[in-house]
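Notes to accompany the following structure.
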Amino acid sequence: MSETTETIFSKIIRKEIPADIVYEDDLCLAFKDIHPQAPVHLLLIPKKPIPKLAEATSEDHALMGHLLLIAKRIADEAGLSNGFRLVINNGDDGGQTVDHLHLHILGGRHMKWPPG
Ligand code: 5GP
């Protein structure tokens, strides 16, 4: 793994800066995106500071599965029974701006394809 950098999400995990938290357990945290791109726009992050999906390893196997299952649960609890979209931006070409792995959970409107 590359050198782990401190990000704004580390501060949110430590509750040093406020966030509208919708879910938390020992492994992960979910909160509302500060610039929502849909009526529901949540971010789900592992507490382990993995900079991006490309730097996850086989050690993270169970954690990755946990994140997907929690994303499903959070979408359900947010009332997204008509569907939702999960997005992981990875690296520069992926449009990633915060170097702490995060899943976007988007819903509440019809999503277009292909993405921009
Ligand atoms: P990325 O572009 O890296 O995939 O997504 C980063 C996301 O984090 C963006 O959607 C952005 O709005 C969100 N974000 C950045 N800083 C903060 C913050 O301080 N609080 C919250 N709640 N969201 C943030």
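Exactly one of these conditions fails for M64: (1) closer than 12 Å to H102 by Cα; (2) assigned to a loop (DSSP other than H, G, I, E, B); (3) open to solvent by 40 Å² or more (accessible area, probe 1.4 Å). Give me its number.
Condition not satisfied by M64: (2).
Of the residues that make up segment 81-94, is at least one assigned to a helix (DSSP H, G or I), open to solvent by 100 Å² or more (accessible area, probe 1.4 Å), on the phi < 0 side of the Ramachandran plot and without any contact (Cβ under 8 Å) to a residue 60 or more places away in the chain?
yes
Could you list, in sequence order, the residues of segment 32-54 that are within 13 Å of the ligand (Cβ to nearest atom), within 19 Å of E6 (Cβ to Cβ) and of a type in the set (D, E, K, R)?
K52
Output the number of residues of segment 102-111 satisfying the condition of being open to solvent by less than 40 Å² (accessible area, probe 1.4 Å) and out of contact with any helix residue (DSSP H, G or I) (no Cβ under 6 Å at 6 or more places or on another chain).
Total satisfying the criteria: 5.
Could you grab me the full set of residues in segment 11-37 that are small (G, A, S) and either over 13 Å from the mean Cα position of the chain (by Cα) or loosely packed, with under 10 Cβ neighbours inside 10 Å (or both)?
The one that is small (G, A, S) and either over 13 Å from the mean Cα position of the chain (by Cα) or loosely packed, with under 10 Cβ neighbours inside 10 Å (or both): A19.
Can you tell me which condition L44 does not meet? The list is (1) at pLDDT below 95; (2) in contact with a Cys (Cβ under 7 Å, 6 or more places away or on another chain), and all the others hold.
(1)
Return the pair list, or none, for Cβ contacts closer than 9 Å from residues in segment 29-45 that are on the phi < 0 side of the Ramachandran plot to residues that are of a type in the set (S, T, Y) and more than 6 Å from the ligand (Cβ to nearest atom), at least 6 apart or on different chains.
Pairs found: L29/Y23; A30/Y23; F31/Y23; L42/Y23; L44/Y23.
The values are calculated or read from the model by the stated rules, or taken from the named source; none is laboratory data. Everything numeric here is computed off the predicted structure, so don't read it as measured data. Cβ: placed from backbone, ideal geometry, glycine included. Neighbour counts: every protein chain shown. Note: areas computed on protein heavy atoms with side chains; ligands, DNA, RNA excluded. Shrake-Rupley method; radii C 1.70, N 1.55, O 1.52, S 1.80 Å.
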